[in-house]
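*Asks:* Would you mind keeping the following structure in view while I ask a few things?
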Number of protein chains: 2
Amino acid sequence: METGDTVADAGEFGLIAEISAAQGTAEHVLIGPGDDAAHLSVVDGTYLVSTDLLIEGRHFRRDWSSAYEVGRKAAAVNLSDIAAMGGVARSLTVGFGVPGILPMGWVRDFNRGLVEEASHVGAVIVGGDVTASDQIVIAVTVMGEAHRPVIRGGAMPGDVVAFAGRLGWAGAGFAALSRGFRSPKAVVEAHRLPHPPYAAGPQASNAGATSMIDVSDGLLGDLGHIARASGVAINLESGLLEIAAPVATVGEALGVDPLTFLLSGGDDYALVATFSSQTELPTGWTRIGMVLDGEGVTVDGDTYPGESHQHFR
Amino acid sequence: METGDTVADAGEFGLIAEISAAQGTAEHVLIGPGDDAAHLSVVDGTYLVSTDLLIEGRHFRRDWSSAYEVGRKAAAVNLSDIAAMGGVARSLTVGFGVPGILPMGWVRDFNRGLVEEASHVGAVIVGGDVTASDQIVIAVTVMGEAHRPVIRGGAMPGDVVAFAGRLGWAGAGFAALSRGFRSPKAVVEAHRLPHPPYAAGPQASNAGATSMIDVSDGLLGDLGHIARASGVAINLESGLLEIAAPVATVGEALGVDPLTFLLSGGDDYALVATFSSQTELPTGWTRIGMVLDGEGVTVDGDTYPGESHQHFR
């Protein structure tokens, strides 16, 4: 079968062959792609699993992001979930729904981005499924391992709240793109391509983090998940939230308080965690608030206007 | 938050709450739904994983199948992949993309079907993701365990080919529905709701099956995967392929050789495997052919016209 210019030219088996060719291998993969299921080994007798669905027009736009960037991002949002448990991702499966008229070049570039991002943590693609669909649909499931998984529900009053990674960059980039701007380049690129602080997850676990989550919906919203699961209140200190120069620039240009990008913007995939106040924070982690008795998330003691992103609204 | 009549009324968190409420638990689930990832234990230090993507209008139609049936089917096609490795499914994750206007009743019935089908093998839903999309998109990943995984590539010349489950029923049902018929009821229901022979997978593994696959694309097509992976030829004996009465009825009504439904129809999720000729076939397995030197799949020594289903074609 010849591989032509579009997915329809290549056909299902051509598409699978193209995708499989780019995949690496690893010691824990006993049976890899191409059978009814992959067969994987684990070290400690347990594993972590998480899944995310990305839909064209909702999670990415082909005119805003290249196929390579979409591939990187599709892997990143999933790998980040394993980091947020204090774990290291090992394996990915990918369900891929694509229109027949999609150029095969898009598929190749997407796949290259996916494999490359996974390789940053040593993870490999172990299986998948391809099918025809009207919109591009990307369903990634990630599996990984953690010595000591860190849940959302373990924060205690008196704990310190800290984050690793970047806050507000992707949100500022999204705001700029939405208004038709293509700069500042740093924040626009941050929206297209998150750089989750993968290693900070296991570091926080080793340091004894009491709870952790990755910031996908916005800092306030995701800390709200920790507060609810732990039965505590969280107060952030705005003086500890450093506003990066390009984020400040977007705020100024759009007449928006740049703190909004840090507090409500998603898609940077920072990690936020709580630690006992006796714990020395690992390198790369910055204190931004405290865990208190009560409920809800406040900034300098007050509720912050606005809410985090919910789908269907 | 109030749960209204549509997905948009319920909102993302209402939708997640609704789905989570129906989920069971199991001993191997150390951390279940609601955190960044699930944490699962395994018995033998290894696990199986497979993923399938179902798209509205391609894999199911809301006017042909109820939400409950779609849920049952979405689980079944995935559970079948683990059976086809000789394993038992333990855990599922579900990525669920739905239009905001979808009635919440559809979601509830879908979820009920999904949970019920999974319970047939003792599997539970351990996590998922929901998002808005134009078409209904269902991405299921299944994880399970096998003492001795059976791959596609182990068939040897001289082996016996056998199947378990049903052949041709769903294909005949699809043909009937496509021509506007709603009967025979048995085959129409077989298309809506497969009944994969889950237990036959581990039984074949225990009996020493040399290769195995589930029939999702059609018997000839899927045996072609075994023949290619094993570097062998396979010959089916039509006299051993029993044509069930309702399948024969559809053939007669539509003027189609009913053998076509058995050889090229997918969606029954029968299991087909190869065994050494010395092996006594487990209960429920029926001999239908032989493994030979060479390549390709034949019926009574001849190539059979027609080809198996490929997406994008």
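*Asks:* Could you derive backbone 3J(HN,Hα) for region B:98-106 from the dihedral phi with the Karplus parameters 6.51, -1.76 and 1.60 (θ = phi - 60°), listing whole Hz in sequence and x where the residue is Gly or Pro?
*Replies:* Computed from phi, the couplings for region B:98-106 are 9, x, x, 7, 5, x, 4, x, 4 Hz.
*Asks:* Let me ask something additional. Any idea how far the Cα center of region B:137-199 sits from the one of region B:239-270, in Å?
*Replies:* Region B:137-199 and region B:239-270 have Cα centres separated by 13 Å.
*Asks:* Right, something else. Sequence-distant or interchain residues sharing an amide H contact under 5 Å with residue B:265, placed H: which?
*Replies:* B:219
*Asks:* Related question: How big is the equivalent ellipsoid of region A:41-122 along its three axes, where each semi-axis is √(5λ) from the Cα gyration tensor, reported in whole Å from largest to smallest?
*Replies:* Numbers: eigenvalues 135, 31, 26 Å².
Calculated on Cα positions only, the semi-axes equal 26, 12, 11 Å.
*Asks:* Here is a follow-up. Write down the Kirkwood hydrodynamic radius of region B:102-247, to one decimal in angstroms, obtained as one divided by the mean of 1/r over all alpha carbon pairs.
*Replies:* Numbers: mean 1/r = 0.0550 Å⁻¹.
Computed over Cα pairs of region B:102-247, the Kirkwood hydrodynamic radius comes out at 18.2 Å.
*Asks:* Just the ratio, please: alpha-carbon radius of gyration of region A:172-211 over 2.2 N^0.38 Å, N its number of residues. If you can, show how the numbers build up before the last one.
*Replies:* On the way: Rg = 15.3 Å, N = 40, 2.2 N^0.38 = 8.9 Å.
My calculation over the Cα atoms of region A:172-211 gives 1.72.
*Asks:* In the Gaussian network model of chain A, springs joining C-alpha atoms below 10 Å, which of A:244, A:76, A:155 carries the largest mean-square fluctuation?
*Replies:* Result for chain A, Cα springs under 10 Å: A:244 fluctuates most.
*Asks:* Given charges of +1 on the Cβ of Lys and Arg and -1 on the Cβ of Asp and Glu, with all other atoms neutral, how large is the dipole of the protein assembly as shown about its Cα centre, in debye to the nearest 20? Present the calculation step by step, with values, prior to reporting the outcome.
*Replies:* Numbers: 36 positive and 74 negative charges, 46 e Å.
Here the protein assembly as shown has a charge dipole of around 220 debye.
*Asks:* Rank the residues A:30, A:271 as a footprinting-exposure proxy: fewest other Cβ atoms within 10 Å of their Cβ go first. Working shown, then result.
*Replies:* On the way: A:30 14, A:271 30.
Fewest-to-most Cβ neighbours within 10 Å comes out as A:30, A:271.
*Asks:* Among A:141, A:178, A:76, whose Cα sits farthest toward the positive end of the charge dipole of chain A (+1 at Cβ of Lys/Arg, -1 at Cβ of Asp/Glu, about the Cα centre)?
*Replies:* After comparing all options, I get A:178.
*Asks:* For region B:176-258, which trypsin sites (Lys or Arg not before Pro) pass both filters: DSSP loop (anything but H, G, I, E, B) and at most 14 other C-beta atoms within 10 Å? Numbers along the way, then the final one.
*Replies:* On the way: sites: B:179, B:182, B:185, B:192, B:228; in loops: B:179, B:182.
Sparse-neighbourhood loop trypsin sites (Lys or Arg not before Pro): B:179, B:182.
*Asks:* Across peptide A:150-158, how many C-beta atoms of other chains are within 10 Å of each residue C-beta, on average?
*Replies:* Details: counts 2, 6, 4, 3, 0, 0, 0, 0, 0.
That works out to 2 on average.
*Asks:* OK, next. About the Cα centre, and with charges only on the beta carbon of Lys, Arg (+1) and Asp, Glu (-1), how big is the dipole of chain A? Nearest 20 debye, please. Show your work: numbers first, answer last.
*Replies:* Details: 18 positive and 37 negative charges, 79 e Å.
Value, rounded to 20: 380 debye.
*Asks:* How many percent of Cα pairs in the protein assembly as shown exceed 31 Å? List each step's numbers first, then the result.
*Replies:* Details: 101095 of 195625 pairs.
Roughly 52 percent, once rounded to a whole number.
*Asks:* So, one more: How large is the convex hull of the Cα atoms of region A:187-294 per residue, expressed in Å³ as a whole number? It would help to have the intermediate numbers written out before the result.
*Replies:* Numbers: hull volume 11.7 nm³, N = 108.
Normalising the Cα hull of region A:187-294 by residue number yields 108 Å³.
*Asks:* Still on this structure, I have one more. Just to confirm the filter: which GluC sites (Glu not before Pro) across region B:15-57 are DSSP coil and have at most 12 other Cβ within 10 angstrom of their Cβ? Display every interim value, and only then the final one.
*Replies:* Numbers: sites: B:18, B:27, B:56; in loops: B:27.
Answer in residue order: B:27.
*Asks:* I need the phi-derived Karplus couplings for region B:168-182: 6.51 cos²θ - 1.76 cosθ + 1.60, θ = phi - 60°, integer Hz, Gly and Pro marked x.
*Replies:* x, 5, 5, x, 5, x, 5, 4, 5, 4, 4, 8, x, 7, 10
*Asks:* Counting partner chain Cβ atoms within 10 Å of every residue's Cβ in B:76-84, what's the average? Please list the in-between numbers first.
*Replies:* Details: counts 0, 1, 2, 0, 1, 5, 2, 2, 3.
Counting Cβ atoms of other protein chains within 10 Å of each residue's Cβ and averaging gives 2.
*Asks:* Let me ask another. Taking other Cβ within 10 Å of each residue's Cβ, how do A:134, B:129 sort, fewest first?
*Replies:* Numbers: A:134 16, B:129 23.
Taking fewest neighbouring Cβ atoms as first place, the list is A:134, B:129.
*Asks:* Going by how many other beta carbons lie within 10 Å of each one, how would you line up A:254, A:167, fewest first?
*Replies:* Values: A:254 16, A:167 26.
Result, fewest neighbours first: A:254, A:167.
*Asks:* Taking amide H positions as placed 1.01 Å from N in the peptide plane, with prolines and chain starts having none, which residues 5 or more places from residue B:298, or on another chain, fall under 5 Å of its amide H?
*Replies:* HN-HN under 5 Å from residue B:298: B:234, B:235, B:236.
*Asks:* If you consider only alpha-carbon coordinates, what radius of gyration and Dmax does chain A have, in Å?
*Replies:* Just the Cα atoms of chain A yield Rg and Dmax of 20.2, 65 Å.
*Asks:* For region A:7-145, state the semi-axes of the equivalent ellipsoid (square roots of 5 times the eigenvalues of the alpha-carbon gyration tensor), sorted largest first and rounded to whole angstrom. All intermediate terms of the calculation are to be shown ahead of the outcome.
*Replies:* Numbers: eigenvalues 121, 59, 28 Å².
Values for region A:7-145, descending: 25, 17, 12 Å.
*Asks:* If the elastic network links every pair of Cα atoms under 10 Å, which of B:186, B:200, B:227 fluctuates the most in the Gaussian network model of chain B?
*Replies:* B:186
*Asks:* Further, regarding this structure: Please give every one of the lysines within straight-line cross-link reach of residue A:185, meaning a C-alpha to C-alpha distance under 19 Å, and leave out same-chain neighbours fewer than 8 residues apart.
*Replies:* Answer for residue A:185, where 19 Å is the Cα cut-off: A:73, listed by chain and number.
*Asks:* Here's something else I'd like to know. Provide the per-residue ³J(HN,Hα) series for region B:246-253, in order, calculated from phi with Karplus coefficients 6.51, -1.76, 1.60 and θ = phi - 60°, each as a whole number of Hz, with x at glycine and proline positions.
*Replies:* x, 5, 4, 4, 5, x, 4, 4
*Asks:* Residue by residue through B:140-147, how many Cβ atoms from other chains fall within 10 Å of the Cβ on average?
*Replies:* Per residue, the average neighbour count from other chains is 4.
Readers should treat all values here as calculations from the given coordinates under stated rules, not as data from a laboratory. Treat the numbers as computed from the prediction; the structure is a model and nothing was measured. Note that we place each Cβ from the backbone using ideal geometry, even for glycine, and neighbour counts take in every protein chain shown.
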